[in-house]
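What follows is a set of notes on a single structure, which appears directly below.
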Protein chains: 4
Amino acid sequence: MPELLHEIEVRPAFYDVDPMAVVWHGNYVRYFELARAALMEKFNYGYEQMRESGYLWPIVDLRVKYVKPATLNQPLKVRAEITEFESRLRVEYLITSGISGDKVTKGYTLQVAVDAKTMELQYVCPKILWERLGVSP
Amino acid sequence: MPELLHEIEVRPAFYDVDPMAVVWHGNYVRYFELARAALMEKFNYGYEQMRESGYLWPIVDLRVKYVKPATLNQPLKVRAEITEFESRLRVEYLITSGISGDKVTKGYTLQVAVDAKTMELQYVCPKILWERLGVSP
Amino acid sequence: MPELLHEIEVRPAFYDVDPMAVVWHGNYVRYFELARAALMEKFNYGYEQMRESGYLWPIVDLRVKYVKPATLNQPLKVRAEITEFESRLRVEYLITSGISGDKVTKGYTLQVAVDAKTMELQYVCPKILWERLGVSP
Amino acid sequence: MPELLHEIEVRPAFYDVDPMAVVWHGNYVRYFELARAALMEKFNYGYEQMRESGYLWPIVDLRVKYVKPATLNQPLKVRAEITEFESRLRVEYLITSGISGDKVTKGYTLQVAVDAKTMELQYVCPKILWERLGVSP
């Protein structure tokens, strides 16, 4: 089975930082999305390919745990890893300091497949996902 | 001719404020949009009605002048006024302190009409705009 | 014991909505914050009062469950309720459609108190919180 | 005189794109800021160095002209160039398609120096700016 993970680097921008001089907690959701998008594109199943495949993949659950605050311009690594792909797509995230390696944030998202035409929820992930990931459930 | 203006109130939220403890300059564009959306809805020509009318109205020019910084929770008034509607839609904005009345920010946006089917730029505003505004160019 | 809850109304703005024509999932974190800020201000323990009291209250955990998508301009009610205040501050959120009453999103945040001078984590919520809420742990 | 410019690459993320499937107009202000921050850091006068030098540099004027819409994941180049540094800092921006080279957006920002202690506006840019840029006014 292939490694179902990808890591990107981000540096918090001025507009990401709040009056307490740390990244506003809601902005980590954007960092998660950048890492997940890069991960899914690596498997040729990014946003456009999802649409072409006839499925939408809305996020139905999000969790973020904040361990250490990140600051302006601090180099961060954002790792995204697929840990479930049978009935829903689960991606786990780990954000660490690019310098010390300290854990900054972790979390996960859950996505389900929805038929783009009928808008019907799929209780099993469509085959296209497994093909693109190179896995068998 | 009717008064082509509308005023809303906003209070900067925690996530609007930057490390210098003032509203991040890019966030005023959101305040402008809130006021413009309310203004256009007042004339039954909000986003949905624009789409139904067969036209898109992309913004082609934006200007923001910053006079005084706004701070967390400061009550602000955002006034939007249509000052051109012949060949393009110009909306001017004035943000003032809700308490002192001091000028905080001013600016404008320019929008042009684009035919949603052909994507052709309209060099004269479509009649539907004038009808909704109750004006004649 | 007083009712430790508050409800606000929000309407998703154009910039909140993603290419799938629904509110981008990360933007609900902003709606949660608006409701939590209004709730805490009601008890005279908003952001400024927190700072004055000598404590910071960083968010250490966030959960969002997405039940139904919200769309542009859809009237939403966002209810925030304090459900823990002993060792940490837990706020639970429920977002419902302002028209149908349907559940849209729910979730919670956890905050801990940190001494603003020493930056030491407080394992019990400081007394000031209980005084402001009118509760005894 | 050194070249007072810098270019970065950005790719619009899912959360940058609006229901019309193009980048929401306010988000270009973030792209401008990313390019300006990288430019100023190149001259050792980024946000932290500004603070250390005793000056704040608030933005007092912003202009954005929209030429072509940008779409999800489209590679963009964002060029920032300092074109004034005598009495105020003017940065001009040009965003082009990374593939076709087509112009997407252009604009400028104006910043003035403010003494961080007295909060007095400086009518001439402080010497530290010229030293860092390697210019003489």
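What number of residues within region A:1-26 satisfy the criterion of being assigned to a helix (DSSP H, G or I) and in contact with a strand residue (DSSP E or B) (Cβ under 7 Å, 6 or more places away or on another chain)? Show your work before the answer.
Taking region A:1-26 as the starting set, the residues that turn out to be assigned to a helix (DSSP H, G or I) are A:14-16, A:25-26.
Add one more test, that the residue is in contact with a strand residue (DSSP E or B) (Cβ under 7 Å, 6 or more places away or on another chain), and what stays is A:16, A:25.
The qualifying residues number 2.
Can you say whether C:LYS106 is within 17 Å of the chain's Cα centre (by Cα) and surrounded by fewer than 21 Cβ atoms within 10 Å (Cβ to Cβ), as far as the supplied structure shows? Full working, then the answer.
Numbers: within 17 Å of the chain's Cα centre (by Cα): yes; surrounded by fewer than 21 Cβ atoms within 10 Å (Cβ to Cβ): yes.
Criteria met by C:LYS106.
Right, C:ALA38: among the small types (Gly, Ala, Ser), out of contact with any helix residue (DSSP H, G or I) (no Cβ under 9 Å at 6 or more places or on another chain) and more than 25 Å from A:TYR108 (Cα to Cα) or not? Let's see the steps before the verdict.
Details: among the small types (Gly, Ala, Ser): yes; out of contact with any helix residue (DSSP H, G or I) (no Cβ under 9 Å at 6 or more places or on another chain): yes; more than 25 Å from A:TYR108 (Cα to Cα): yes.
Considered against the rule, which asks whether it is among the small types (Gly, Ala, Ser), out of contact with any helix residue (DSSP H, G or I) (no Cβ under 9 Å at 6 or more places or on another chain) and more than 25 Å from A:TYR108 (Cα to Cα), C:ALA38 comes out as yes.
A quick yes/no check of all residues on (1) farther than 19 Å from C:PRO12 by Cα; (2) buried (at least 21 other Cβ atoms within 10 Å of the Cβ); (3) touching a strand residue (DSSP E or B) at 6+ places or on another chain (Cβ under 9 Å); (4) at pLDDT below 95:
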{"site": "B:TYR28", "(1), (2), (3), (4)": "no, yes, yes, no"}
{"site": "B:PHE32", "(1), (2), (3), (4)": "no, yes, yes, no"}
{"site": "B:GLY46", "(1), (2), (3), (4)": "no, no, no, no"}
{"site": "B:LEU62", "(1), (2), (3), (4)": "yes, yes, yes, no"}
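Where residues in region B:33-60 are in contact (Cβ under 8 Å) with a residue 12 or more places away in the chain and part of a helix (DSSP H, G or I), which of them is nearest to the other protein chains (Cβ to nearest Cβ)? Walk me through it before giving the result.
Within region B:33-60, the first condition is being in contact (Cβ under 8 Å) with a residue 12 or more places away in the chain, and the residues that meet it are B:34-36, B:38-39, B:42-45, B:49, B:51, B:53-60.
Applying the additional criterion that residues be part of a helix (DSSP H, G or I) yields B:34-36, B:38-39, B:42, B:49, B:51.
Details: B:LEU34: 6, B:ALA35: 11, B:ARG36: 9, B:ALA38: 10, B:LEU39: 13, B:LYS42: 13, B:GLN49: 11, B:ARG51: 9 Å.
Among residues in region B:33-60 that are in contact (Cβ under 8 Å) with a residue 12 or more places away in the chain and part of a helix (DSSP H, G or I), the one nearest to the other protein chains (Cβ to nearest Cβ) is B:LEU34.
If the Cβ limit is 9 Å and pairs must be 6+ apart or interchain, which residue in region A:124-137 that is at positive phi pairs with which residue that is at pLDDT below 95?
Within 9 Å, the pairs are A:GLY134/A:MET1; A:GLY134/A:PRO2.
Which condition breaks for C:LYS65 when tested against (1) assigned to a helix (DSSP H, G or I); (2) among the charged types (D, E, K, R); (3) closer than 30 Å to B:GLU48 by Cα?
(1)
Yes or no: D:LEU89 crowded, with 20+ Cβ neighbours inside 10 Å and either farther than 23 Å from A:GLU9 by Cα or among the acidic types (Asp, Glu) (or both)?
Values: crowded, with 20+ Cβ neighbours inside 10 Å: yes; either farther than 23 Å from A:GLU9 by Cα or among the acidic types (Asp, Glu) (or both): yes.
Judged against the criteria, D:LEU89 is a match.
Within region C:88-117, take every residue that is touching a residue at least 40 places away in the same chain (Cβ under 8 Å) and touching a Ser or Thr at 6+ places or on another chain (Cβ under 6 Å) and give me the one that is farthest from C:MET50 (Cα to Cα). It would help to see each step written out before you state the result.
Start the filter on region C:88-117 by keeping residues that are touching a residue at least 40 places away in the same chain (Cβ under 8 Å), which leaves C:89, C:91, C:93, C:95, C:98, C:105-117.
Next, from what is left, pick out any that are touching a Ser or Thr at 6+ places or on another chain (Cβ under 6 Å): C:91, C:95.
Numbers: C:VAL91: 16, C:ILE95: 26 Å.
Residue satisfying both the conditions and the ranking: C:ILE95.
Taking only pairs six or more apart or across chains, which ones have beta-carbon atoms under 8 Å, a first residue in region B:1-24 that is within 30 Å of D:GLU48 (Cβ to Cβ), and a second residue that is surrounded by 15 or more Cβ atoms within 10 Å (Cβ to Cβ) and small (Gly, Ala, Ser)?
Note: pairs meeting the criteria are B:PRO12/B:ALA70; B:ALA13/C:ALA37; B:PHE14/C:ALA37; B:TYR15/A:GLY26; B:VAL22/B:ALA70; B:VAL23/B:ALA70.
Can you go through D:ALA21, D:ALA13 and tell me which one is out of contact with any Lys or Arg (no Cβ under 6 Å at 6 or more places or on another chain), within 30 Å of C:PRO12 (Cβ to Cβ) and away from chain B (no Cβ under 14 Å)? Step through it out loud before you land on a result.
Working: D:ALA21 fails: away from chain B (no Cβ under 14 Å).
Of D:ALA21, D:ALA13, the one residue that is out of contact with any Lys or Arg (no Cβ under 6 Å at 6 or more places or on another chain), within 30 Å of C:PRO12 (Cβ to Cβ) and away from chain B (no Cβ under 14 Å) is D:ALA13.
Hey, could you check region B:110-133 for residues that are charged (D, E, K, R) and surrounded by 14 or more Cβ atoms within 10 Å (Cβ to Cβ) and say which is nearest to B:PHE32 (Cα to Cα)?
Filtering region B:110-133 for residues charged (D, E, K, R) gives B:115, B:117, B:120, B:127, B:131-132.
From the residues that got through so far, the ones that are surrounded by 14 or more Cβ atoms within 10 Å (Cβ to Cβ) too are B:131-132.
Numbers: B:GLU131: 24, B:ARG132: 21 Å.
Taking the candidates together, the pick is B:ARG132.
With respect to the numbered conditions (1) at the interface with chain B (Cβ under 9 Å from one of its Cβ atoms); (2) modelled with pLDDT under 95, which one is the sole condition not fulfilled by D:GLU3?
So D:GLU3 meets the others, but not (1).
Take region D:41-73 and flag every residue that is hydrophobic (A, V, I, L, M, F, W, C), farther than 25 Å from B:THR105 by Cα and within 15 Å of the chain's Cα centre (by Cα).
Passing the criteria: only D:PHE43.
Looking only at residues in region C:64-74 that are within 30 Å of B:GLU41 (Cα to Cα) and in contact with a Ser or Thr (Cβ under 7 Å, 6 or more places away or on another chain), which one is surrounded by the most Cβ atoms within 10 Å (Cβ to Cβ)?
At the first step, the residues of region C:64-74 found to be within 30 Å of B:GLU41 (Cα to Cα) are C:66-74.
Narrowing the set further to residues that are in contact with a Ser or Thr (Cβ under 7 Å, 6 or more places away or on another chain) leaves C:66-67, C:74.
On the way: C:TYR66: 23, C:VAL67: 13, C:GLN74: 18.
Here the answer is C:TYR66.
Here are the criteria: (1) closer than 24 Å to B:PRO58 by Cβ; (2) without any contact (Cβ under 8 Å) to a residue 12 or more places away in the chain; (3) acidic (Asp, Glu). Tell me which single one D:GLU120 does not satisfy.
(1)
Being aliphatic (A, V, I, L, M), within 7 Å of another protein chain (Cβ to nearest Cβ) and free of Cβ contacts under 8 Å to residues at least 60 places away in the same chain is the filter here, so list the residues in region A:61-87 that pass it. Talk me through it step by step, then tell me what you get.
Step one: filter region A:61-87 for residues aliphatic (A, V, I, L, M), giving A:62, A:64, A:67, A:70, A:72, A:76, A:78, A:80, A:82.
Among the residues that remain, those that are also within 7 Å of another protein chain (Cβ to nearest Cβ) are: A:62, A:64, A:72.
Answer for region A:61-87, where residues must be aliphatic (A, V, I, L, M), within 7 Å of another protein chain (Cβ to nearest Cβ) and free of Cβ contacts under 8 Å to residues at least 60 places away in the same chain: A:LEU62, A:VAL64.
Residues to consider are A:ARG36, A:ARG30, A:ARG11; find the one that is among the charged types (D, E, K, R), in contact with a Gly (Cβ under 8 Å, 6 or more places away or on another chain) and under 28 Å from B:ASP18 (Cβ atoms). If you could, list the steps in order and put the result at the bottom.
On the way: A:ARG36 fails: in contact with a Gly (Cβ under 8 Å, 6 or more places away or on another chain); A:ARG11 fails: in contact with a Gly (Cβ under 8 Å, 6 or more places away or on another chain).
After applying the criteria, what remains is A:ARG30.
The values are calculated or read from the model by the stated rules, or taken from the named source; none is laboratory data. The structure presented is a predicted model; accordingly, all values stated were derived computationally and were not measured. When we count neighbours, we look across all protein chains shown, and the Cβ atoms used for this are built from the backbone with ideal geometry, even at glycine.
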